[in-house]
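Have a look at the structure below, then the notes.
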Amino acid sequence: MQYVFNSNIRYDILLMSLGFDHVGYDDEVEYLCEEIGGMGTIIVFSFDNAGSMSYPTAIEQVIGVDIFKNIDNILGSLNFFSKKNVIE
């Protein structure tokens, strides 16, 4: 993400098939998502393979994708996550 942010190339979509649940919240990742999203880039990350809440999918500027049909169970009571960012 740092490379995308620092490059002179503007991307329409940033798609990364990864998500981290063991790392936890990261201010730098959120900052990069805010800045890259602010440049008009659509940011898409996947949830982790276990289907748990992960980063950076929990960040507002990120669209989260998942293969699980029970995504509502995963999101459950997480008040910081907007379901509008989830594609099933």
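What pairs can you find where one residue is in region 1-19 and within 12 Å of Ile43 (Cα to Cα) and aliphatic (A, V, I, L, M), the other is modelled with pLDDT of 85 or more and loosely packed, with under 12 Cβ neighbours inside 10 Å, and their Cβ atoms are less than 9 Å apart, with a gap of 6+ or different chains?
Close Cβ pairs (under 9 Å, with a partner that is modelled with pLDDT of 85 or more and loosely packed, with under 12 Cβ neighbours inside 10 Å) amount to Met1/Glu28.
In the list Ile9, Ile43, which residue meets the criterion of being among the β-branched types (Val, Ile, Thr), modelled with pLDDT of 75 or more and more than 13 Å from the chain's Cα centre (by Cα)?
Just a single option satisfies the conditions, and that option is Ile9.
Could you run through region 24-43 and say how many residues are of a type outside the set (Ser, Thr, Tyr), farther than 11 Å from Phe5 by Cβ and part of a loop (DSSP other than H, G, I, E, B)?
3
Are any residues in region 19-40 in contact with a strand residue (DSSP E or B) (Cβ under 7 Å, 6 or more places away or on another chain) and modelled with pLDDT of 90 or more, and if so, which ones?
Across region 19-40, the qualifying residues are Cys33, Ile36, Gly37.
Please verify whether region 52-72 includes one or more residues that are part of a helix (DSSP H, G or I) and modelled with pLDDT under 80.
yes
The values are calculated or read from the model by the stated rules, or taken from the named source; none is laboratory data. The model shown is predicted, which means the values in this text are computed figures rather than measured ones. When we count neighbours, we look across all protein chains shown, and the Cβ atoms used for this are built from the backbone with ideal geometry, even at glycine.
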